[in-house]
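Student: To start, I am sharing the structure in question, which I have written as structure tokens.
The values are calculated or read from the model by the stated rules, or taken from the named source; none is laboratory data. Just so we're clear, the structure is a prediction, and the values are computed from it rather than from any experiment. FYI the Cβ positions are ideal-geometry reconstructions off the backbone, even for glycines, and counts take in every protein chain you see.
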Amino acid sequence: MNYNVNEKGYYGVFGGTYIPEMLYPNVEELRQNYLKVMAEPDFQKEFQQLLKDYVGRPSPLYFAKRLSEKYNTKIYLKREDLNHTGAHKINNTVGQILMAKRLGKSRIIAETGAGQHGVATATVCALMGMECIVYMGEIDIARQAPNVARMKMLGATVIPALSGSRTLKDATNEAIRDWINNPVNTHYIIGSAIGPHPYPDMVTRFQSIISEEIKWQLKEHEGRENPDYVVACIGGGSNAAGTYYHFLHEESVKIIAVEAAGLGVDSGESAATSILGKEGIIHGCKTLLMQTKDGQITEPYSISAGLDYPGVGPMHAHLCKTGRAEFMSATDDEAMKSGLELSKLEGIIPAIESSHALAIFEKKKFKEDDIVVVSLSGRGDKDLDTYINYFKL
Ligand SMILES: *Cc1c(COP(=O)(O)O)cnc(C)c1O
């Protein structure tokens, strides 16, 4: 079984390029060039240098001793929370801004929901002196004021999406419209392992630095490259894709994906796409997504903004359908409890997204000598208000 993308842009039956005809030249230019550009020694040199000096990589692989004792298994945390800007998203935006430069683009557009991807994009645009336009739903702009302020400080223009539900999918529509109108000088930075081919594969490759590092770091710690399990939370699926990438075809490594169950999978307020979703088209690709009987996309819900997405990337839809990955979910309450537990046991306050991945230890029993690597996708600073309100701190 192949778990990587094929030449046609598919993971099994998922993926592909479902875009308006007017967008075809832009996506095709990227498709024809992305692997060539990524293979250039010059590109790799600049990418690796920035990952080291700007992002702060390699991120540590930390043996969580007290957490391991509590659950009677060996738990390692891949510390993406220590990256510049506080999460894994910067790995992708650094890669894509270099790609944009190589393709001769001078203007960057992006869509953002909670604002994390908008901030990561505005950051690399400042770094490279490129114009940055971020589309964001009007409702999200009101909900995420600190991230809007960050983007503005970094020099980005934030344009409100005023149509539809005025949230992420409307911002995405605006970004696509912009790209159609500016095909020559503009690159569209997508923030997760989603979108028309080649985006899911390109984003996965930029994020695959996570599993590349896990391999040599685990070898240093344990004398072997492969853990027994790799675990990550899934919104669109970019931190998960990067965490799994170098283990996809290692049969001894089990893969666990953790979705946000929100108030409960059957509550009507959830983002557990693998359970609630059906095959459909979102954001330019065929994948699993939450939709009504008529195929209208359903508003998802999760306490964590980064997991509040109605689909999963096509790679993950394939991993789910083939059974290569075990899909689990954690509710708001379970995730919040795990976030507090990590804070108290290890002195690490995780992003609420990452707390979902940690919640599986209450639900699944691991063997004493199992090595379980969990992607700690981000830090909890951005979530402090949510933690305060939830725990009445
Ligand atoms: C955005 C975000 C996620 C979810 O995005 P993926 O593409 O699924 O990784 C998870 N964790 C953090 C900290 C995030 O900011």
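Student: Can you tell me which condition GLY195 does not meet? The list is (1) farther than 23 Å from ALA272 by Cβ; (2) touching a Cys at 6+ places or on another chain (Cβ under 7 Å), and all the others hold.
Tutor: (1)
Student: With the condition kept exactly as written, say whether any residue in region 289-308 is touching a His at 6+ places or on another chain (Cβ under 6 Å) and among the small types (Gly, Ala, Ser).
Tutor: No, region 289-308 contains no residue that is touching a His at 6+ places or on another chain (Cβ under 6 Å) and among the small types (Gly, Ala, Ser).
Student: Continuing with the same structure: Give me the pairs, please: first residue somewhere in region 23-43 and of a type in the set (S, T, N, Q), second residue anywhere and at pLDDT 95 or above and part of a helix (DSSP H, G or I), beta-carbon distance under 6 Å, and either six or more positions apart or on two chains.
Tutor: Taking only residues 6 or more apart or on different chains, the pairs are ASN26/TRP179.
Student: Turning to a different aspect of this structure: Could you tell me whether ASN182 is of a type in the set (S, T, N, Q), more than 12 Å from the ligand (Cβ to nearest atom) and in contact (Cβ under 8 Å) with a residue 24 or more places away in the chain? Talk me through it step by step, then tell me what you get.
Tutor: Working: of a type in the set (S, T, N, Q): yes; more than 12 Å from the ligand (Cβ to nearest atom): yes; in contact (Cβ under 8 Å) with a residue 24 or more places away in the chain: yes.
So ASN182 passes the test.
Student: Moving to a separate point now. List the helices (runs of 4 or more DSSP H) that sit entirely inside region 297-393 and contain at least 2 residues that are of a type in the set (D, E, K, R) and away from the ligand (no atom under 16 Å from the Cβ).
Tutor: 332-346
Student: Now for a separate question. Looking at region 270-302, which of its residues are over 21 Å from ILE190 (Cα atoms), of a type in the set (A, V, I, L, M, F, W, C) and surrounded by fewer than 23 Cβ atoms within 10 Å (Cβ to Cβ)?
Tutor: Of everything in region 270-302, those that are over 21 Å from ILE190 (Cα atoms), of a type in the set (A, V, I, L, M, F, W, C) and surrounded by fewer than 23 Cβ atoms within 10 Å (Cβ to Cβ) turn out to be ILE275, LEU276.
Student: For region 71-163, which helices (runs of 4 or more DSSP H) that fit wholly inside it have 2 or more residues that are under 19 Å from GLN49 (Cβ atoms) and modelled with pLDDT of 95 or more?
Tutor: Counting at least 2 such residues, we get 89-102, 116-128.
Student: So is THR322 at pLDDT below 95 and hydroxyl-bearing (Ser, Thr, Tyr) or not?
Tutor: Details: at pLDDT below 95: no; hydroxyl-bearing (Ser, Thr, Tyr): yes.
Spelling it out, it is not the case that THR322 is at pLDDT below 95 and hydroxyl-bearing (Ser, Thr, Tyr).
Student: Moving to a separate point now. Go over the candidates ASP178, ASP201 one by one and state the one that is in contact with a Gly (Cβ under 9 Å, 6 or more places away or on another chain) and closer than 30 Å to GLU7 by Cβ.
Tutor: Just one listed residue meets the conditions, ASP201.
Student: Yes or no: region 68-86 includes at least one residue that is aliphatic (A, V, I, L, M), buried (at least 20 other Cβ atoms within 10 Å of the Cβ) and assigned by TED's automatic domain parsing to the domain that holds VAL231.
Tutor: Taking every residue of region 68-86 in turn, at least one turns out to be aliphatic (A, V, I, L, M), buried (at least 20 other Cβ atoms within 10 Å of the Cβ) and assigned by TED's automatic domain parsing to the domain that holds VAL231.
Student: I'm trying to understand the selection: among the residues of region 225-261, which are away from the ligand (no atom under 14 Å from the Cβ) and surrounded by 24 or more Cβ atoms within 10 Å (Cβ to Cβ)?
Tutor: Across region 225-261, the qualifying residues are PRO227, ALA261.
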